[in-house]
1. Using the count of nearby Cβ atoms within 10 Å as a rough guide to exposure, how do 54, 111 rank from fewest to most?
2. If R0 is 22 Å, what FRET efficiency do you get for residue 76 and residue 124 from their C-beta distance, rounded to 0.05?
3. How large are Rg and Dmax for the chain when only the alpha carbon atoms are used, in Å?
4. May I ask you to sort 51, 7 by Cβ crowding, counting other Cβ atoms within 10 Å and putting the fewest first?
5. In the Gaussian network model of the chain, springs joining C-alpha atoms below 10 Å, which of 14, 49, 107 carries the largest mean-square fluctuation?
6. If each of residue 97 and residue 131 carries a label point 7 Å out from its Cα toward its Cβ, how far apart are those two points in nm?
7. Run lengths n ≥ 4 of DSSP H only: what is the helix-derived mean residue ellipticity at 222 nm for the chain, with -39500 (n - 2.57) per run over all residues, to the nearest 500?
8. From the C-alpha gyration tensor of the stretch 90-135, pull out the three semi-axes of the equivalent ellipsoid (sqrt of 5λ each), sorted largest to smallest, in whole Å.
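Here, each number is a calculation from the coordinates, and none is a lab measurement. Worth saying up front: this structure is predicted, and the values here are computed from it rather than measured. All Cβ positions, glycine included, derive from the backbone under ideal geometry; neighbour counts span all protein chains shown.
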């Protein structure tokens, strides 16, 4: 998070990118580089609170688009982000065709995909072992 050359590269890439994106805790790198200053953004739920330390506005949505910055919360939200970007770059029908071709129609066998729906003891166990838990 404090590797100067990496953060400089992110800022330089953002200056000329059409889109600057991240999935999961990649948004922490964007935030540390200053890319998310004053922007709404998301991250993995265990790290979401850390975005505010760098001037971002943490949002618990799966996908957040703020200007040319798009962030996805967790790993599976990256698929949602890719479809969102396909729609923005081309059109909704193209995004729907991509969704159809990859047969993305999630029906998870459990409802533990977020801290709001997971059993409380699993949420607490995840927090207890996370390196992102607030002090």
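1. On the way: 54 19, 111 10.
Sorted ascending by nearby Cβ count, the order is 111, 54.
2. Working: r = 22 Å, r/R0 = 1.00.
It comes out at approximately 0.50.
3. Expressed in Å, the Cα Rg and Dmax of the chain come to 15.9, 46.
4. Numbers: 51 25, 7 17.
With the sparsest Cβ surroundings first, the list reads 7, 51.
5. Looking only at 14, 49, 107, the biggest GNM fluctuation is shown by 107.
6. Those two pseudo-labels are separated by 4.2 nm.
7. Working: 5 runs with 53 residues, N = 135.
So the helix-based figure for the chain works out to -11500 deg cm²/dmol.
8. Numbers: eigenvalues 233, 41, 12 Å².
Sorted largest first and rounded, they come to 34, 14, 8 Å.
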